[in-house]
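Got a structure here, written out as C-alpha cells. Questions coming.
Where a number appears in this text, it was derived from the coordinates with a stated rule and is not lab data. Nothing here was measured: the structure is a model prediction, and the numbers come from that model. Every residue, glycine as well, gets a Cβ built from its backbone with ideal geometry; the counts of neighbours run over all protein chains shown.
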Amino acid sequence: MYRPDLFIRRLTTAPHHIRHLAGVLLALTLLVAASAQARTLHFTADAESSQPLTIYGVVDPPQVYPLLADFHRRNPDIAITYHNLETLALHARVLQERDAPRADVIMSPAMPWQYQLANEGLSTPVDSPAAEAWPSWARWRQELFGFTFEPIVMVYRRDLATRMPPPESHAELLSLLRQRSAELSHRVVTYDPRFSGAGYTYAIEDARISARYWDLVEALGQAHSELETTTAAMLEGLSEGRYWIGYNLIGSYVQDYVAEHPELAMVVPKDYALVLQRLVMMSRNAPHPVAAQRFIDYLLSAPAQRLLATQTTLGAVHPAIDGLGTAADLRKRLGEAIRPVQIGPGLLATLDTLKRQTLLEQWQQAFKNHSTHADGPLADPSPLPRAPQK
Amino acid sequence: MTPLRRWRLSHLSLYRRLMVWLLCPLALLVAVMLLQAWLASREAADRAFDRLLDAASLSIAEQVRWQQSRLWMDLPPSALEMLATDAEERVFYALYDAHGHFVTGNRSLPTLPAENGSQMSYGDVTSRGMPLRLGVLRARLEGWDRSDRFEVRVAQTREGRQALANQLFLASLVNIVIIAGLAVVVVLLSARFALEPLTRLRRAIRQRNPRTLAPLELPLPRELAELRQTLNELLARMRRVRANQERFIGDASHQLKTPLAGLSTRAELALRQSDPATWREALATMHGTATKTARLAGQLLSLTRLNNPEATPAKQAVDLTALARRCVREAFSRHHRRGVDLGVEAPEHAVMASANDWQLEEALNNLIENASLYGASQVTVQVTDTPPRLAVIDDGPGIPESQRLLMLRPFHRGQETGDGSGLGLAIVDSIARAHDIRLSLQAVHPDHPERPGLCIALTFSSDA
C-alpha cells in the first residue's frame, strides 16, 4: 500500500545521520517501485464536448477512486487524469511548473507545504456558493480548502489492557510512561520528527498546544521508545507485537488497518486530538479552470463529503453531514479537544529552516534525557531559588 | 461657431449663470474633498496596518540570537498569524544579516532606505508580480559578545488595507455626498429667492398698460432699485419727448391751419366780387399763401424725417465748395428778384467733409432762405478750410444773444414780421446734431446796433 506520509521529509544533513538516511532512501525507492502501477488514474470522457482535468494529489488511489468515479458519473464530459505523487515531489513539481502549470487541482495532506504554495500565490480563488459556505476554520481565503478530517491518534494492542490501563489521553500516556517506564521500555513507538515531515509537523503542533509535550518527549526518551518514519511501519510493529503503544499515528490509515487487525485498538486522545486536513486548491493559471472549479465544488458538496465519510476513512468536513467519520461526529464526542491544524501563516513557521533546527535540537535533547533542558535550549540555566519550605 | 455661441455665458439666463458660477466651484470643491478623503483613508489604513508589520517584525527580532556562530532565529508562528489579519493576507518574512545576506525566510525581500530616527521603514513593493506592503526593521543583537546588526523584513498583501481604505472612504463619501446634496439644494433655493425680485419687476413691467409712461412704483432690493430708477428716468424722458411731439404737432397744425383759413377767407371774399381784376389779385395772394404753406409742409416733413432717431444719415465725402456753389446758383435768381445780393466766398480747391449730401444741402438752403427772409440785403456763403467750415453771413438785424438758443426750437420766430415758418434753424440744428457738426451763431458787426448782421457757421470736426 502506498503511504504518502512516508515521503514527507526534510532531512538535516548532519553526518551521523547518513546511515539512517540511506536506509530510509532504500525503503522509499522500493515503495515507489511497488506502487508505480498505481501512480495515475484515468477516466475518459463520454460526452462529445469533453474537457480534460488534471489533478496532482497525495491521496491513495483506493481512497480517491470512489470520489473520482462519483465525480465522473456526475460529470461525464470531463476527462480526469489523476497523478498520485509523493508530497515533496508534488511540492517541487508545482513550484517547477509555477509559470505554466499543468495541474488544474492540487490536493495534499502536507499542510505547511500546501499552504506555502497558496501563500506564494500559486492558487486562485474559487468563486462558488459552496466555497463561500465552507466553514472558515477549514479554509484559507477562497483558495485553500480542507476537505477531509483525519485525527492523529494513538494505537494500542488489546492485550495491553491485561497488564495496565490503556492510555486514553496525552496525560494518561505521560503518567503511564512515568510509572511503568521499565515495563514499557522499547514497547512504545512514535514518529521520528528528524526524518519524517509528518512527525515533525505533529511535534511542532503538539509543542504549540502544550508545554507538557516536552515532558512527554522526555518520558518517551526515558522509556527508550522506538522511532519510525511511517504510520505503516508503526502499525506493522504493533501488529507483530514488537510494540504495545503507538503515539501520533494518522487516523485515516489506522482506521483501515485496525479493521483488518482486531488485535489493535485506536484511541482518539480525549484531552486534545490534532486533526490533519487534506488541502485542495485550484492552480493559478489552471489550464482548465472551469473543470477545476467544478471538481472543487464537487469535493465541497454534500454528496462527495458523505462519500468521504462512508466509503473512505478520510472523514468529512461538511457541517451538514453527520454520522461516523465526520467532523461533526468527532466534535460531538470530543468537543473542545478537537484541534484541527490551523490553516494559516503559522504553518509557514513550520517550514522555516532555523525553526526546524531549533525544534529538532530541543526535541533531541529532551528525548535523550538532558533533563535540565526540558524546557528547551532557551530555558534559563539558573532557575530562581525556591522559597524555603517549612 | 454656432454651438459655441450658444454656450457663451452672456446668452445664459441669470438663473443658469448663477447655477454655473455656484455649482462649478462646488463640484470642484467636492472633487478636491473626495480626492483628499481618498488619500486620507489610504493613509489611515496604511498607518493602522503598518502597526501590525511593526509588531510582527519586533516579535520576530526578539527571537534573533547568535547561535552556532551564525544569526539564529526561532520564528514565532504568532508573529506571522498577526500579519495575516481577517483579510487572510499572504505573508512573507525574511531575516538578513549585517551584510545583506539572506539568513532565513520564505521569500527574498528587498530592503528599504532607512528613515531618519526610526528603526522601522515601510514601503510598497512588487515582488514576483505581487503588490506588497513591506516593513523593514533594523536592529542589533543585544548581547555581551556580539552586537551584529540585522534586518527583519516582513511583508503582507494589500487586501486588508484596501478593504479598510475603501470602508473609510465610503464613510467619507457618504458624508461628502450628503453635504454636497444639501449645498446644491441651498444653492438652488437661494438663487431662486435672490432672483425673485427680478421676476417681480418683470411681471410689474409686463402687466403695465402699454400706453402709460407713469413711473414704476414697487419695492426692490438696491441693485434692482437702481435699475428701476434708470427705467423711471427713461420713462420720464419719453414723457418729455412725447410732450414735445404733442406740442410740435399742435404747433404744426396751428401753423398749417392759419394759412389755410386765410386761403379759405380770401377765396370766399373774391367769390363775392364779380370783378376779374379783384379775382386776379385774390388769386395772386392765394398763390403766395399756398407756396408758403407748401414750403412749411416740406419743412415739417424734413424735420420729422430728421428727428427720426432710427434713420442715421448715410455719410459720404462731400465737397463743401461745390455744394455751396450749387446752392447759391439755384437760389440766386429767386433772391435776385427780391433784391437780395447772394454770393459765394470759397477757395479754389475742394474742401472735403464727411456728411450726408442732401441733408447738408437742405441745411444750407434753409440758412440762405432764413437770412433773406429776415431782412438781410446781402448774404454770403463762405467756405473755409481747416477745419472744414460752412458759414452763412448776412447783414440783417441779427438775433440778440439771449434769443439765440431759443431760435433753434421749432416754431420760434425771432420776430413776428417776415414770412418765415420758424422751422429753418430747427432743421439746421437737427442736421447738425445728426452729423455731429458744431453749430454756432454770432453777430458779424457787434458794434453796429441797428444791423449787427448774423454769421451762422457749421464747423466740421477736423478729423472727419
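Just name one of B:Leu342, B:Cys455, B:Ser69: the one whose Cα is farthest towards the positive end of the charge dipole of the protein assembly as shown (beta-carbon charges, Lys/Arg +1, Asp/Glu -1).
Positive-most Cα among the choices belongs to B:Leu342.
Continuing with this model, one more query. Dipole of chain B, Cα-centred, from +1 at each Lys and Arg C-beta and -1 at each Asp and Glu C-beta, to the nearest 20 debye? Mind showing how you got there, number by number?
Working: 56 positive and 49 negative charges, 316 e Å.
Dipole about the Cα centre, nearest 20: 1520 debye.
In peptide A:355-363, what is the residue-averaged number of other protein chain Cβ atoms found within 10 Å of each Cβ?
Whole-number average of other-chain Cβ neighbours for A:355-363 is 3.
How big is the dipole moment of the protein assembly as shown about its Cα centre under a simple scheme where the beta carbon of each Lys and Arg is +1, that of each Asp and Glu is -1, and everything else is neutral? Debye, nearest 20, please. Before the final figure, lay out each step's value.
Numbers: 92 positive and 89 negative charges, 514 e Å.
Using Cβ point charges on Lys, Arg, Asp and Glu, the protein assembly as shown gives about 2480 debye.
Would you list A:Ile106, A:Ile204, A:Ile338 from fewest to most Cβ contacts within 10 Å? Kindly include the intermediate steps, with their values, before the conclusion.
Values: A:Ile106 29, A:Ile204 25, A:Ile338 18.
Fewest to most other Cβ atoms nearby, the residues stand as A:Ile338, A:Ile204, A:Ile106.
Assuming R0 = 22 Å, what is the FRET efficiency of B:Ala204 and B:Val20, from their Cβ-Cβ distance, to the nearest 0.05? Present the calculation step by step, with values, prior to reporting the outcome.
Details: r = 27 Å, r/R0 = 1.25.
Efficiency at R0 = 22 Å is approximately 0.20.
Within 10 Å of each Cβ in A:135-148, how many Cβ atoms from other chains are there, averaged over the peptide?
Mean number of neighbouring Cβ atoms from other chains: 1.
Have a look at B:Ile431, B:Phe411, B:Val32 and report the one farthest towards the positive end of the charge dipole of chain B, computed about the Cα centre with Cβ charges (Lys/Arg +1, Asp/Glu -1).
Value: B:Phe411.
Packing-wise, with mean Cβ within 10 Å as the measure, how do B:428-434, B:364-370 rank, highest first? The partial results should precede the final answer.
Details: B:428-434: 21.0, B:364-370: 22.7.
Highest to lowest by the protection proxy: B:364-370, B:428-434.
Another question, then. How high is the FRET efficiency between B:Trp38 and B:Asn116 when r is their beta carbon distance and R₀ equals 22 Å, given to the nearest 0.05?
Efficiency, from the Cβ-Cβ distance: 0.20.
Can you work out the FRET efficiency for the pair B:Glu159 and B:Ala194, with r the C-beta to C-beta distance and R0 = 51 Å, to the nearest 0.05? Provide the component values of the computation, followed by the final result.
On the way: r = 50 Å, r/R0 = 0.99.
Calculated value: 0.50.
Take the Cα coordinates of the protein assembly as shown, assign each an equal point scatterer, and use the Debye formula without solvent to give log10 I(q)/I(0) at q = 0.05, 0.06, 0.08 Å⁻¹.
With one equal scatterer per Cα and no solvent, log10 I(q)/I(0) is -0.54, -0.60, -0.87.
Okay, next question. Per residue of the range A:113-126, in order, report the coupling 6.51 cos²θ - 1.76 cosθ + 1.60 (Karplus, θ = phi - 60°) as ³J(HN,Hα) in whole Hz, putting x for Gly and Pro.
5, 5, 5, 4, 4, 5, 4, 5, x, 8, 9, 9, x, 9
Could I ask something else about it? Report the Cα centroid-to-centroid distance between the range B:233-263 and the range A:226-270 in angstrom, as an integer.
Using only Cα atoms, the two centres lie 135 Å from each other.
Tabulate in residue order the Karplus-calculated ³J(HN,Hα) for the range B:125-139, using 6.51 cos²θ - 1.76 cosθ + 1.60 with θ = phi - 60°, rounded to whole Hz; enter x for Gly and Pro.
Those phi angles translate into 10, 10, 10, 6, x, 10, x, 10, 9, 10, x, 10, 9, 9, 9 Hz.
On to the next question. Rounded, prolate or oblate, given the Cα gyration tensor of chain B, with a/c below 1.5 counting as rounded?
Values: a/c = 6.48, a/b = 3.74, b/c = 1.73.
Because a/c hits 1.5 or more and a/b exceeds b/c, chain B counts as prolate.
What is the distance in Å between the Cα centroid of the range B:384-414 and that of the range B:148-162?
Rounded to whole Å, the Cα centres lie 104 Å apart.
When a/c is below 1.5 the answer is rounded, else prolate if a/b is larger than b/c, else oblate, so apply that to the range A:191-241 with a ≥ b ≥ c taken from the square roots of the Cα gyration tensor eigenvalues.
On the way: a/c = 2.42, a/b = 1.44, b/c = 1.69.
It is oblate, given that a/c is not under 1.5 and a/b is not larger than b/c.
While we're looking at this one, here's another question. Taking θ = phi - 60°, what integer Hz values does the Karplus form 6.51 cos²θ - 1.76 cosθ + 1.60 yield along the range B:91-108, in sequence order, with x for Gly and Pro?
Each residue's phi maps through the Karplus curve to give 10, 10, 9, 7, 10, 10, 8, 4, 8, x, 8, 5, 9, 7, x, 9, 5, 6 Hz.
Run lengths n ≥ 4 of DSSP H only: what is the helix-derived mean residue ellipticity at 222 nm for the protein assembly as shown, with -39500 (n - 2.57) per run over all residues, to the nearest 500? Intermediate values should be presented prior to the final figure.
Values: 24 runs with 397 residues, N = 854.
Mean residue ellipticity, 222 nm, calculated: -15500 deg cm²/dmol.
Taking the DSSP beta bridges in the protein assembly as shown as the whole, what percent of them are antiparallel, to the nearest 5?
On the way: 77 of 102 bridges.
Expressed as a percentage, antiparallel bridges in the protein assembly as shown total about 75.
So if I place +1 on the C-beta of Lys and Arg and -1 on the C-beta of Asp and Glu, and nothing else carries charge, what would the dipole magnitude of the range A:162-287 be about its Cα centre? I want it in debye, nearest 20.
Details: 11 positive and 16 negative charges, 67 e Å.
About 320 debye.
Another one. Can you return the lysines within cross-link range of B:Lys257? Criterion is Cα-Cα under 27 Å, with same-chain partners fewer than 8 residues away left out.
B:Lys292
Sticking with this structure for a sec: Which of the peptides A:53-65, B:93-105, B:240-252 is most tightly packed, and how do the rest follow, going by the mean number of other Cβ atoms within 10 Å of each residue?
Packing proxy ranking, top to bottom: A:53-65, B:93-105, B:240-252.
If you take the charge dipole of the protein assembly as shown about its Cα centre, with +1 on Lys and Arg Cβ and -1 on Asp and Glu Cβ, which of B:Leu283, B:Asn244, B:Ala155 is farthest toward its positive end?
Toward the positive end, the furthest listed residue is B:Leu283.
Provide a whole-number value for the mean count of partner chain Cβ atoms within 10 Å of the Cβ atoms in peptide A:337-348. Before the final figure, lay out the partial values.
Values: counts 0, 0, 0, 0, 0, 2, 1, 6, 17, 10, 3, 11.
Partner-chain Cβ atoms within 10 Å, mean over residues of A:337-348: 4.
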